[in-house]
Structures are given as C-alpha cells and as structure tokens.
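Have a look at the structure below before the remarks.
The values are calculated or read from the model by the stated rules, or taken from the named source; none is laboratory data. In this text, all values refer to a predicted model and were calculated from it rather than measured experimentally. In this analysis, Cβ positions are derived from the backbone assuming ideal geometry, glycine residues included, and neighbour counts consider all displayed protein chains. All accessible areas refer to the heavy atoms of the entire protein, side chains included, with ligands and DNA or RNA removed. Shrake-Rupley method; radii C 1.70, N 1.55, O 1.52, S 1.80 Å.
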Amino acid sequence: MKKRFFLTIYICLFIAALIGCSKSADLNYSDKQSDSLEKGNLTVIGFSQLGAESDWRSANTESMKETFTEENGYKLIFEDGQQKQANQIMAIRKFIQQDVDYIVLAPVTETGWDTVLKEAKDAGIPVIIIDRMVDVDDESLFTCYVGSDFELEGKKACEWLKSYCEKTFVNPSMLHIVNLQGNIGSSAQIGRTTGLRKYAYENHWDLLEEVPADFTQTKGREEMRKLLKKYDNINVVYCENDNEALGAIEALEEAGKMIGPNIRYGEVMVISFDGINEEARQCVRENKISCIAECNPLHGPRVQTIIEMLELGKTPMKHSNVSEGIYVHDLIVDKIRVDSIEYPVTILK
C-alpha cells in the first residue's frame, strides 16, 4: 500500500515537472517568436548621422525620424556620430551585429570608409549614402547616394555674384573675398570651395583667404573677427552654410561694417548656403545676406522611395541629386545659367 502511495506521488510529481518544462519551453518559444515577428513586421533601418552642427543637420535628422516610423512599417535605430568618423564606424559595426535590413550613412568626411562598408556588404546589408558622398575604391560598397551636387551649389552662388556685379557695374577686380569653409574633407566643403575657386580664377576675383569654420555660428563669428583684423578690404564673405553666415554677420556688425550687396558704396556682401534657417532667411529679406544657394535637407522620403524599390527587387539610380534653387532679396538678377542649364532666382518674401 505504501509502495503504491509513494509511486502515485512520484508519478504525479513527474507529470507536473513535465508540464512545467513544457510551459517554460512554450514561453521561451513564444518570446522568441514574438521577437522574430516584431522584426519581421518592421523594416529595420540603422541611421548613422554625422552630428548636429547646424540647423540643416537637425532638419535632415528630423526628416528621417518622421519618415521611418513604426506607423510606416519601420524601426529606426539612430546613432549620432558627434562629428567623429570613429563613432560612425562603430555605429555601422553595431548595425551589422544587430542584423538591420538597411544602413543609412551621412558621412562626416569622404574618405576612410572602405573597410567598414565592405563589412556591411559581406553581411548582405545595403548601404544608402545621404547628403555627403564617400570616396571609396569600389563603388559597389554602397547601394546608392542621394543628396546635393555641392559643386553645382557653389557655381550657382558664384554665377549669381558674377551676374550681380555685371548688372551693378562692379569691376571683377574690386572683389576681395574671404571664404568661411565647412568641415574640411566633407562633400559640402569640397564642392562649395571648388566652385568658388573656379570662378575666382576664371573671373580674376581676389580670393584673400579660406578658413575652416566647421559649419557653426560660433566658429563663423570667431573666424570672421580674425579676418577683419587681418584685412581691411574685405567686401564679400562667402559662407559655406547659414550658421556660419549668421556668425559672420555678428562679427561684421561688431566691427561697425555696413552689410549689404552695394559693394561700390562700401558694403560687405554676405553669400550663404542651405536656406533652412529662418533667421538666415530673414537676413535675406533684410538684405544682410545677399544670396543663399539652397541645400534641401528633407531626405527621408527620398530614402524611403529607394528602400521601397529595393524591396521590390528594383535597382535605384546610383547617384540621385535633389533639385535646388537660389534665394535673394531682389531680382536684379532673375535667372542664372550654369553649365548650359538655366536656373530661376527666387525672392524671399
């Protein structure tokens, strides 16, 4: 009787243990299945942004965040590189470990990406480059690029300057220009600097000096102060983004300089790029910034279109440039022509 009693208890305990193990296994399986379903339902995007140095950059980041939401079927993993390439390389390797579906990279500089992009390619993860370009030996290391033609932006600004001087009877030899450059080695800096150098050489403009101002208002103000102490004949300040232009205007006003497009009457003309900063746009309305060459930051929808094409097995264009305009205070110059293409000029109201 005792034997039967203990045998019954033993069998009950054994069955209970089996049921418990089964439930535990089901729970673990359910958790894993849930994780798998979550990833399966959402397209995972790893986005390495270079930093937050300007209003343009903030708008670019916001465009990506607004586009790649769970409501739209995406999970966005965002990493801020804080202006350091090492941080961005680390982020890309993290994305590879996380097995994301796509990597989007806004590179802080053009060179130094070959190794990490090869790692992404070997992992079978498409890489989309936005805003600034990468300089790699093998272009198959990235799927495509979407962004601006920065040299064309520089040419547009310079063509406007050339046309404005012709319309207002300013001799090219009267131009004494300083360039507040962006982050050295970035696509925007390289393109906009190249555009200015070409026009300065071809039109015999006096390009006094080029100094890095890192695309920031603080650095733009600091460098402009130094340049004003060094040169007393500056009459054109070519700023490679709006934040630098705002800093330059602060320094010019501190020094008691007249700011405006009337070079013949002693004013200092400020030229800028981007057009996203409302304070800079107001400066155009007030004639403190004479011309802004637009740089469109809203890349989120464009990247989404590329990803949708890839999901359907289609091949997007390798290089895709956005269309951009010129913003001015008045229409003394109503259109410009660069490389045989005509571009309209728009008054900011």
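Observations on the structure shown:
- Residue check, residue 104 over 23 Å from residue 308 (Cβ atoms) and at pLDDT 95 or above: no
- Members of segment 245-265 that are more than 19 Å from the chain's Cα centre (by Cα), touching a residue at least 12 places away in the same chain (Cβ under 8 Å) and under 20 Å from residue 164 (Cα atoms): 259, 260, 261, 262, 263, 264
- Hits in segment 307-331 (condition: open to solvent by 70 Å² or more (accessible area, probe 1.4 Å), touching a strand residue (DSSP E or B) at 6+ places or on another chain (Cβ under 8 Å) and among the polar types (S, T, N, Q)): 321
- The sole residue among 280, 251, 200 that is open to solvent by less than 50 Å² (accessible area, probe 1.4 Å) and farther than 24 Å from residue 159 by Cα is 251.
- Scanning segment 78-88 for residues being surrounded by fewer than 19 Cβ atoms within 10 Å (Cβ to Cβ) and part of a helix (DSSP H, G or I) gives a total of 3.
- Flag if residue 207 is open to solvent by 20 Å² or more (accessible area, probe 1.4 Å) and aliphatic (A, V, I, L, M): yes
- Being surrounded by 14 or more Cβ atoms within 10 Å (Cβ to Cβ), part of a helix (DSSP H, G or I), modelled with pLDDT of 95 or more and basic (Lys, Arg) is a property that residue 75 lacks.
- In segment 172-196, the qualifying residues are those that are farther than 22 Å from residue 147 by Cα and of a type outside the set (A, V, I, L, M, F, W, C), and the one that is most open to solvent (accessible area, probe 1.4 Å) is 173.
- Number of the exception - residue 123 against (1) open to solvent by less than 40 Å² (accessible area, probe 1.4 Å); (2) modelled with pLDDT of 95 or more: (1)
- Failed condition for residue 48, given (1) at pLDDT 95 or above; (2) in contact with a Ser or Thr (Cβ under 7 Å, 6 or more places away or on another chain); (3) crowded, with 19+ Cβ neighbours inside 10 Å: (2)
- Subset of segment 52-72 [touching a strand residue (DSSP E or B) at 6+ places or on another chain (Cβ under 7 Å) and either modelled with pLDDT under 95 or part of a helix (DSSP H, G or I) (or both)]: 52, 56, 60, 61, 64, 65
- Residues of segment 283-296 that turn out to be open to solvent by 10 Å² or more (accessible area, probe 1.4 Å) and either under 19 Å from residue 132 (Cβ atoms) or touching a His at 6+ places or on another chain (Cβ under 7 Å) (or both), as a count: 4
- Hey, residue 348 touching a residue at least 60 places away in the same chain (Cβ under 8 Å), open to solvent by less than 90 Å² (accessible area, probe 1.4 Å) and under 25 Å from residue 159 (Cβ atoms) or not: yes
- Total residues in segment 210-223, condition open to solvent by 30 Å² or more (accessible area, probe 1.4 Å) and either in a loop (DSSP other than H, G, I, E, B) or closer than 21 Å to residue 260 by Cβ (or both): 4
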